[in-house]
Structure formats: structure tokens, C-alpha cells
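Undergrad: Sharing a structure here in C-alpha cells format.
The values are calculated or read from the model by the stated rules, or taken from the named source; none is laboratory data. As the structure is a computational prediction, the values presented were derived from the model and not from experiment. Positions of Cβ are backbone-derived with ideal geometry, glycine not excepted, and every protein chain shown enters the neighbour counts.
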Amino acid sequence: MKDAFIPFSRMAPTPSGFLHLGNALNFILARLFVYRQVGKLHLRIDDMDGIRTRKEVIEDIFYSLDWLGLNWDTGPSGPEDFYARFSLMNRMDSYGKAVDTLLENKLAYACDCSRKSLAAQGIMGAYPGLCRNKGLYSETMKTSIRLQVPENTKINMGLRTQALAEDFGDFVLWRKENLAAYHLASVLEDDAMGINLVVRGADLLPSTAAQLFLAQTLGLQNFPAAFFIHHGLVAGKKGEKLSKSRGSHALCEMRESGISPAGIFSFAADFLHLETKDKIQDIETLQRIFNDCPEKHPLLQGQGFLEISI
Ligand SMILES: [Zn+2]
């Protein structure tokens, strides 16, 4: 990493379920990278999907971060502060304006297809742009709004090139429930905050490509210049994604079954191939070990895009 790079990253949990071991690893990695370079960390709870957000899940985020000893420099101090000042639901107007601009410039379009109607036509993966030329328009945004991804759009992501049109198709920016979709809200928030380091799971590689294309289409400056680290995922016992698994990998369940943060820090140290003699009891100790590992460590060589496997 360049000396002059002062990272500003974020922990951005989606509160559709309780935090799990994969989230903990993601937050720890972001924290280690950021504080090694004397950067700053923001907490952003991605509740743009307000209809699915449960109060106990929001409370669990703060409790779990405290349990792990993970602090942050900017963002909500607790659930009350989150609802009052930081909920993304309060930002829907600014997301809506971005979509309006895209609609005016014919870079996005209204779509009234439902998952059901698409399935009935045998369309399961990338959306093939059925409504592109229908000229649907809804003042009240009761339809979804999709971004046009021209044929053969390819996004260069360091080691790989993502074929966005084939893999993703015209993706949803605005949902028919009159809410911003994840990609739109996430990219606008990252850009507005000036986030320059995004640490996320490798499952989000295609999403990063989609967001880069969206950022480019919106004419954003900060997001396309960010440094992206995609890391391998912690899998469940049967190899399933933890966000889809139930129970045993949720941090609240781990706490109840007597697992301590020390076990999670050791797991993170193994993931990063850090040499440790003793059990790591707290995040500060793990940070010191990471800070002491030499610059030539492969994890510190990235610029632009870095992929690390588990
Ligand atoms: Zn449609």
C-alpha cells in the first residue's frame, strides 16, 4: 500500500439478520487494514430495506461490536442515535433524485415485471431488459426502476473482468415498494462519505462491478477511485453461506454457547496467516501483531483491487 494512502472505510452490516462470524471477520479485517495506516472507520447500517429491519437486529449490531471491542470513528453511537440521525430511510429523497436524473437521461427505465412473471417465462438469472422500450413511467414509482446495462459491458477489476451485461443484466435501482435498492443506496453513501477502502466478501465481486458501472453512469468521482479488498467467505458446516444459515454461526448464539472473542480473533489471525504464540485476547493485541507484520506481506500489496482467499 502506498505511504500516502490514508484509508477511510466502513463496517456496513445489512440488518436483515443477526450478525454472524463472517460479518465479524469482515469488520476485523477492515479495522486492521484501516488502523495500520492510521485511517478512519465509519459504521453504516444498511437499512435501506426498512421493511425487513427488526429492532432486535439493530440492537444486536451494537452489542456485538462492543463484545468484540470493535470501535469506530464516525457513525451512530447506539440504536437511538441510529434511528434519529443515521438510518438510510431518512436519505430516500436523495436516492430518489439520483434515479430521477437517470430516468431523465434515459439511462434507467421503469419495469413492471415481477419475479413470478419472469419465472413463468423461464428467466431466472440476469434480467434481459424486457421493459426497456415499453416507455412505462410511474409518478409514484410503484414500478421498479432498472439501470440500462448495454450489451457487452465489461468491468475491469484487477485480476478479473466482470461481464456485467451477461452476469447481472439491467439491475434494479428502485424497488416497487418505493425503496432504494441496495446497490444504489450503498454506492451513493460510499461516494458521499468519501470512502476510499471497501472491504467485502468475495460473493460481492459481481456487485462491486455493478456498483462501479452505476457510479460511472452517475458521474461519481470517489467510489470508482476506491481500493477494494474482496476476501474469502466463512462457510457453514455444509458449505452454505452464513447469511443463509441459521443459528450456530450467529454471534449471539456463539456468545450463548460460551465462545469468547478470543476464539474469533485467533480465527482472524489464521485467516491472515499471522504468526501468533499466545491466544489473542483482544482486538488491540491482534492489531499490534498485524501492524508488526512486514510490508511485503501479500495482503499489503494491493492497489485498486485485491482478492484474498480463505
Ligand atoms: Zn420489466
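Undergrad: Please work out which residue is farthest from residue 67 (Cα to Cα), limiting yourself to segment 255-301 and to residues that are part of a loop (DSSP other than H, G, I, E, B) and within 23 Å of the chain's Cα centre (by Cα).
TA: The initial filter retains those residues of segment 255-301 that are part of a loop (DSSP other than H, G, I, E, B), namely 257-260, 272-282, 293-297, 301.
With within 23 Å of the chain's Cα centre (by Cα) added as a condition, the list becomes 272, 301.
Details: 272: 21, 301: 31 Å.
This residue is 301.
Undergrad: Please go through segment 63-116 and pick out each residue that is polar (S, T, N, Q) and in a helix (DSSP H, G or I). Step through it out loud before you land on a result.
TA: To start, the set of residues in segment 63-116 that are polar (S, T, N, Q) comprises 64, 71, 74, 77, 87, 90, 94, 101, 105, 114.
Across segment 63-116, the qualifying residues are 64, 90, 94, 101.
Undergrad: Let me ask you something else. List the pairs whose first member sits in segment 151-172 and is free of Cβ contacts under 8 Å to residues at least 12 places away in the same chain and surrounded by fewer than 19 Cβ atoms within 10 Å (Cβ to Cβ), whose second member is outside any loop (DSSP other than H, G, I, E, B) and charged (D, E, K, R), and whose Cβ atoms are under 7 Å apart, counting only residues at least 6 apart or on separate chains?
TA: Listed pairs, sorted by first residue: 161/154; 163/154.
Undergrad: Now a separate question. Please indicate, with yes or no, whether at least one residue in segment 117-127 is assigned to a helix (DSSP H, G or I), away from the ligand (no atom under 15 Å from the Cβ) and farther than 19 Å from residue 210 by Cβ.
TA: Quick first cut of segment 117-127, residues assigned to a helix (DSSP H, G or I) only: 117-120.
Subsequent filtering for residues that are away from the ligand (no atom under 15 Å from the Cβ) retains none.
Within segment 117-127, not a single residue is assigned to a helix (DSSP H, G or I), away from the ligand (no atom under 15 Å from the Cβ) and farther than 19 Å from residue 210 by Cβ.
Undergrad: Right, here's the next one. Can you confirm whether residue 93 is surrounded by 11 or more Cβ atoms within 10 Å (Cβ to Cβ) and of a type outside the set (Val, Ile, Thr)? Spell out the reasoning first.
TA: Details: surrounded by 11 or more Cβ atoms within 10 Å (Cβ to Cβ): no; of a type outside the set (Val, Ile, Thr): yes.
The answer is no for residue 93.
Undergrad: Going by what's in this entry, would residue 136 be described as away from the ligand (no atom under 16 Å from the Cβ), farther than 16 Å from residue 217 by Cβ, of a type in the set (A, V, I, L, M) and in contact (Cβ under 8 Å) with a residue 24 or more places away in the chain? Please lay out each step first, then the result.
TA: Values: away from the ligand (no atom under 16 Å from the Cβ): no; farther than 16 Å from residue 217 by Cβ: yes; of a type in the set (A, V, I, L, M): yes; in contact (Cβ under 8 Å) with a residue 24 or more places away in the chain: yes.
Considered against the rule, which asks whether it is away from the ligand (no atom under 16 Å from the Cβ), farther than 16 Å from residue 217 by Cβ, of a type in the set (A, V, I, L, M) and in contact (Cβ under 8 Å) with a residue 24 or more places away in the chain, residue 136 comes out as no.
Undergrad: Which of the residues belonging to segment 42-90 are of a type in the set (Asp, Glu) and buried (at least 16 other Cβ atoms within 10 Å of the Cβ)? Show your work before the answer.
TA: Initial filter on segment 42-90 (of a type in the set (Asp, Glu)): 46-47, 49, 56, 59-60, 66, 73, 80-81.
Correct list: 46, 47, 49, 60.
Undergrad: State whether one or more residues within segment 17-33 are outside the structural domain of residue 131 (by TED's automatic domain parsing) and farther than 22 Å from residue 308 by Cα.
TA: Yes, that holds for at least one residue.
Undergrad: When the residues of segment 101-114 are narrowed to those that are loosely packed, with under 14 Cβ neighbours inside 10 Å and among the charged types (D, E, K, R), which ends up farthest from the ligand (Cβ to nearest atom)?
TA: 104
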